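Structure, as structure tokens:
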């Protein structure tokens, strides 16, 4: 059950830092450890995925470019190239994911002073989320999973429910066989509204419910969205339009990614950009620390203003003689 406040549904004391994954937190595609585990050539797999839209279009079938790789992974399982691939195996592979310098340590450092005065009484705190078109189980098995308040990503069903299945029995374990759900670059924005409304924390609210802006769990102005590329433009746009901040990162070893980040700022897509280096004192670390502090100060100021508006000051004694010259008699 979510913590509710006297002024509305939620206390609005959360600053949400929302991360893309591939090329944002990790220098590699998250599927790399999976391919390594099965001896699959990664470049071959992605070349096949790139050819899928045209291949299926020849049969007048349209596939989603962002997510058609999910079906191709299932094809590899079904054709014996990834035998016995389970969700547990995906989590195991996630444990071998590499991260950019400073991750996951940043998750513990960022906003560490929010427990000090004057913020401590408000209960201000940071929540980290990952919103990705990748695989939830890989992220769930990674080193950052314990630091996250929520993960939005694609998932697989192992053994599917057949006709006349018994709903009182749990699904049987086995190799992945169906897509349970997926995110693409546009549906990632749905995750932002779920975080905004508190859907992930409160069962009584759905993303389609009408919740007044001033009563949503995490106002967009309390969000920072961090990602690396053009596929995140819809999410950048939503966050910035609603008053939050967008930050583009690039691999310091890639001139192409640097140019891409510069272009995103020049086009007004992001507020700032910096290297995917999250160590203390790096440009990106300093920017994040500064913006979190500014958000916290704004929240504190807004709370004080709301307090002042609601409190009617009582009368006080006025000593008219203090600091005045004696009055002459008539």
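Read the figures in this text as sums done on the coordinates, not as results from a lab. Treat the numbers as computed from the prediction; the structure is a model and nothing was measured. Cβ: placed from backbone, ideal geometry, glycine included. Neighbour counts: every protein chain shown.
Values for this structure:
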read-out: Cα-based radius of gyration of the chain once divided by 2.2 N^0.38 Å, which approximates compact folds; value: 1.26
read-out: Tensor-based shape of segment 31-147 (alpha-carbon gyration tensor, a/c under 1.5 rounded, otherwise prolate or oblate); value: prolate
read-out: Segment 91-197: Cα Rg divided by the 2.2 N^0.38 Å rule of thumb; value: 1.39
read-out: Mean Cβ neighbour count within 10 Å, used as a protection proxy, ranking 161-169, 267-275, 79-87, 55-63 highest first; value: 267-275, 79-87, 55-63, 161-169
read-out: Exposure proxy ranking, count of Cβ atoms within 10 Å, fewest first, for 137, 215; value: 215, 137
read-out: Relative contact order [Cα under 8 Å, 6+ residues apart], the chain, whole percent; value: 21
read-out: Segment 134-153 versus segment 30-61: alpha-carbon centroid distance in Å; value: 23
read-out: Burial ranking of peptide ranges 95-105, 16-26 (average Cβ count within 10 Å, highest at the top); value: 16-26, 95-105
read-out: FRET efficiency for residue 215 and residue 81, using Cβ-Cβ distance with R0 set to 56 Å, rounded to 0.05; value: 0.65
read-out: Rel. contact order, % - alpha carbon contacts under 8 angstrom, at least six apart, segment 230-296; value: 26
read-out: Degrees separating the helix 68-78 axis from the principal Cα axis of the chain, which is the longest one; value: 40
read-out: Residue 67 versus residue 48: modelled label distance in nm, points set 7 Å from Cα along the beta carbon direction; value: 2.1
read-out: With Cα atoms, 0 to 90° folded angle of helix 283-310 axis to the chain main axis; value: 50
read-out: Crossing angle, helix 42-57 versus the chain [Cα axis fit, 0-90 degrees, rounded to tens]; value: 80
read-out: Relative packing of 107-114, 30-37, which averages over residues the other C-beta atoms within 10 Å, highest first; value: 30-37, 107-114
read-out: Fraction of beta bridges assigned by DSSP in the chain that are antiparallel (%, nearest 5); value: 15
read-out: Segment residue 165-residue 58, extension gain: residue separation times 0.36 nm, minus the distance between their alpha carbons; value: 34.9 nm
read-out: Label point distance in nm, residue 92-residue 41, each placed 7 Å from Cα along Cα→Cβ; value: 2.6
read-out: Length added when fully stretched, residue 262-residue 283, from 0.36 nm per residue minus Cα-Cα; value: 6.1 nm
